[in-house]
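These notes concern the structure reproduced below.
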Amino acid sequence: MESTRRQFIVGCSAAIAALAGARTSAFAFSDGRAAATDKILVVIFLRGGIDALNLVAPVDDKNYIAARPTYLRLLDQKQGDQLPGLALNNGYAGAGDFRMHPGAAPLHELYQSGKLALVHGCGLKNGTRSHFEAMDLIERGIAENQQMPIGNGWIARYLKETGAKGFIPAAAMDGALPASMIGSSSSMALPNLEAFTFYGDGEQEKALRAAYGGTSPLEVAGSTAWKALDAVRSKLPKKPDGGIAPYQPREGVKYPDMGLANQLKNLAQLIKMDVGLTVATVDYGGWDTHQDQAYNFYARTNELSQSLAAFYNDLAPIHDRLSVVVMSEFGRRLKSNESGGTDHGYGGMLMVLGGSVRGGRMLGKWPGLANEQLDQGADLGITTDYRSVLSEVLQSSLGLQNPGVIFPGFASKDRLGLYG
């Protein structure tokens, strides 16, 4: 019987308690063999429902102009202290002048250079505008509450299907696993590489290692956990005094001193350690902009843009191995509210970044912003199911043979052409 992560932590905690309170961090439990694929998928989830129409929109659309005050829409020219949106190549034919938020200049550069693709009118096709329901369904990889095992995420199913191996096959760069990874015994939460260690003295560590030296499933899990710990320890840069040295990004790359950037910098370092990482997740919240959206959205967009660009540039030597998906649970209303913000909407936008991505294009079908084209006369419609994007990434980039196993009951009818 395969030992689970919970079983190991319980057993480990008992042993630690007997050793005068020493403690360990989270562990992974694979056998240390090479990963099943050298491709890497990073999923960045923008929690709160990003206003996709404030990130990318047709600035000359009369319905867009009528629905929002100047400070909550993108412009084609400077007005007062508000900068114009950044013009995009290859927008939706006949749908207007699509532009990107001026705070997203590094993302705009990635798009214009052909590395970033945008899929507008994308999301969960079940009509919900509830954060919790939408996030739960998306992270479980379904569209409605199907008969699925509780706590079974789409990334967990992917890891099981591919049999991904390595010291750390999957990691969440946060303090807890997202729902998409729940159900996987090879996923771990790892918010800080420096914290991936044993907090006890040498004798305590020796005793704890000896406690997991047998052949039972639990002991094997403990033994491989120590191997993962040793692998990370051996690859962390050291100071002359033996302490952990700060991570040095690739020459010319500077991460901004921001929360998201720190998560991505930590992830870049983990990827470079070559410990078998196949999938990683990063959460970035604060997008529930019911009020005072203009200021908050600019700050969030700027942080996302700078952080993601630094991360991508830091990993330049492996761009062809890397796919980054940026998504949210839903978009926001076309019409602004009376509090200087936007309320929960429906259709949103996904972004896909990578060296093999056929970027510099807006993919899928633009739903339109006329009243009769909106969902319930209020929200951007959905013309592309979010699973179509994820299925194509898994199949075309990571080599998955049958995405239907990961997204049960779903078969994408049309390929977007994300990859060549």
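Where strands (runs of 3 or more DSSP E) sit wholly within the stretch 44-145, those with at least 2 residues that are farther than 19 Å from Leu418 by Cβ and in contact (Cβ under 8 Å) with a residue 40 or more places away in the chain occupy 56-58.
Here Gly354 fulfils each of the conditions (1) within 27 Å of Ala156 (Cβ to Cβ); (2) surrounded by fewer than 21 Cβ atoms within 10 Å (Cβ to Cβ) apart from (2). Total residues in the stretch 315-340 satisfying the condition of being under 30 Å from His290 (Cα atoms), touching a residue at least 60 places away in the same chain (Cβ under 8 Å) and not hydrophobic (A, V, I, L, M, F, W, C): the figure is 7.
Considering only residues that are part of a loop (DSSP other than H, G, I, E, B) and either hydrophobic (A, V, I, L, M, F, W, C) or crowded, with 20+ Cβ neighbours inside 10 Å (or both), which ones fall in the stretch 379-420?
Listed by number, the residues that qualify are Leu380, Ile382, Leu398, Leu400, Ile406, Phe407, Phe410, Ala411, Leu416, Leu418.
Does Leu110 satisfy the criteria of being buried (at least 17 other Cβ atoms within 10 Å of the Cβ), within 18 Å of His344 (Cβ to Cβ) and within 26 Å of the chain's Cα centre (by Cα)? Criteria not met by Leu110.
Identify all residues within the stretch 269-284 that are closer than 14 Å to Ala170 by Cα and part of a strand (DSSP E or B); write none if there are none. Val279, Ala280, Thr281, Val282, listed by residue number. The residues on offer are Gly242, Gly200, Gly166, and the sole one that is in contact (Cβ under 8 Å) with a residue 60 or more places away in the chain and on the phi > 0 side of the Ramachandran plot is Gly166.
Among residues belonging to the stretch 310-349 that are part of a loop (DSSP other than H, G, I, E, B) and among the aliphatic types (A, V, I, L, M), point out the one that is nearest to Arg250 (Cα to Cα). Filtering the stretch 310-349 for residues that are part of a loop (DSSP other than H, G, I, E, B) and among the aliphatic types (A, V, I, L, M), the one nearest to Arg250 (Cα to Cα) comes out as Leu315.
Looking only at the stretch 36-74, residues that are closer than 28 Å to Val357 by Cα and either surrounded by 18 or more Cβ atoms within 10 Å (Cβ to Cβ) or of a type in the set (S, T, N, Q) (or both) come to 23 in all.
In the stretch 272-287, of all residues being buried (at least 20 other Cβ atoms within 10 Å of the Cβ) and farther than 30 Å from Gly331 by Cα, the one that is nearest to the chain's Cα centre (by Cα) corresponds to Leu277.
Can you find even one residue in the stretch 399-416 that is within 28 Å of Leu334 (Cβ to Cβ) and within 19 Å of the chain's Cα centre (by Cα)? Checked against the condition, which is being within 28 Å of Leu334 (Cβ to Cβ) and within 19 Å of the chain's Cα centre (by Cα), the stretch 399-416 yields no hits at all. Among the acidic types (Asp, Glu) and modelled with pLDDT of 95 or more: is that true of Glu144 in this structure? Criteria not met by Glu144.
The rows are residues; the columns are (1) at pLDDT 95 or above; (2) surrounded by fewer than 24 Cβ atoms within 10 Å (Cβ to Cβ); (3) not hydrophobic (A, V, I, L, M, F, W, C).
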site	(1), (2), (3)
Thr289	yes, no, yes
Ala294	yes, yes, no
Phe311	yes, no, no
Ala316	yes, yes, no
Asp320	yes, yes, yes
Val325	yes, yes, no
Ser339	yes, yes, yes
Arg361	yes, yes, yes
Leu374	yes, yes, no
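Mind listing whichever residues of the stretch 251-280 are out of contact with any strand residue (DSSP E or B) (no Cβ under 7 Å at 6 or more places or on another chain), under 19 Å from Thr162 (Cβ atoms) and among the β-branched types (Val, Ile, Thr)? The one that is out of contact with any strand residue (DSSP E or B) (no Cβ under 7 Å at 6 or more places or on another chain), under 19 Å from Thr162 (Cβ atoms) and among the β-branched types (Val, Ile, Thr): Val275. So for the stretch 192-215 (the condition being at pLDDT 85 or above, within 16 Å of Val275 (Cβ to Cβ) and assigned to a loop (DSSP other than H, G, I, E, B)), does at least one residue qualify? Yes, some residue in the stretch 192-215 is at pLDDT 85 or above, within 16 Å of Val275 (Cβ to Cβ) and assigned to a loop (DSSP other than H, G, I, E, B).
Taken over the stretch 347-379, residues that are at negative phi and more than 23 Å from the chain's Cα centre (by Cα) amount to 12. Looking across Asn266, Asn262, Asn296, one residue alone is free of Cβ contacts under 8 Å to residues at least 40 places away in the same chain, within 15 Å of the chain's Cα centre (by Cα) and in a helix (DSSP H, G or I). It is Asn262.
Take the residues in the stretch 341-351 that are touching a helix residue (DSSP H, G or I) at 6+ places or on another chain (Cβ under 9 Å) and either acidic (Asp, Glu) or buried (at least 22 other Cβ atoms within 10 Å of the Cβ) (or both), then tell me which one is farthest from Tyr92 (Cα to Cα).
Thr342
Right, Ala95: within 26 Å of the chain's Cα centre (by Cα) and small (Gly, Ala, Ser) or not?
Answer is no for this residue.
Among the conditions (1) in contact with a Pro (Cβ under 9 Å, 6 or more places away or on another chain); (2) surrounded by fewer than 18 Cβ atoms within 10 Å (Cβ to Cβ); (3) of a type outside the set (Gly, Ala, Ser); (4) closer than 17 Å to Gly48 by Cβ, the only one that Glu303 does not satisfy is (2).
The values are calculated or read from the model by the stated rules, or taken from the named source; none is laboratory data. The model shown is predicted, which means the values in this text are computed figures rather than measured ones. Glycine gets a Cβ as well: all are built from the backbone with ideal geometry, and neighbour counts include every protein chain shown.
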